[in-house]
Amino acid sequence: MSIYIIWKDDADAEEPEDVGFILEAVEVLCNLQSLTLGFNMLFGLIYGMNLNYPEELKCTFKVFQKTLMELDR
């Protein structure tokens, strides 16, 4: 699982030009407007497809799942 962020050349840009995700060498989400939207879409994709969290981020995703998303209470 990989996340990519492309920033605009403008130094004052607060939002990225593109945010996307790659799963198993396939771009599954692209042209997202913000990192926040990208994270929510990725979380929904993982949750909806019943995928395992990446091993190195498993604890981080579980914290987000339980505290921010209020799932699995």
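Brief remarks on what is shown
- Contact order normalised by residue count of the chain, Cα under 8 Å, 6+ apart, percent: 19 percent
- Apportionment of accessible area to carbon and sulfur, the range 12-73, percent (1.4 Å): 53 percent
- Dipole of the chain computed with +1 at Lys/Arg Cβ and -1 at Asp/Glu Cβ about the Cα centre; of I5, N31, G48, farthest Cα towards the positive end is G48.
- I6 accessible area, assembled protein chains, probe 1.4 Å, Å²: 80 Å²
- In the context of the full set of protein chains, the chain has a per residue accessible area of 76 Å² (1.4 Å probe).
- Loop-located GluC sites (Glu not before Pro) in the chain, at most 14 other Cβ atoms within 10 Å (DSSP): E14, E17, E24, E70
The values are calculated or read from the model by the stated rules, or taken from the named source; none is laboratory data. Given the structure is predicted, the values throughout are model-derived calculations rather than measurements. Don't worry about glycine lacking a Cβ; one is built from the backbone with ideal geometry, like all the others, and counts go over all protein chains shown. Side chains included, ligands, DNA and RNA excluded: accessible areas come from the protein's heavy atoms. Shrake-Rupley method; radii C 1.70, N 1.55, O 1.52, S 1.80 Å.
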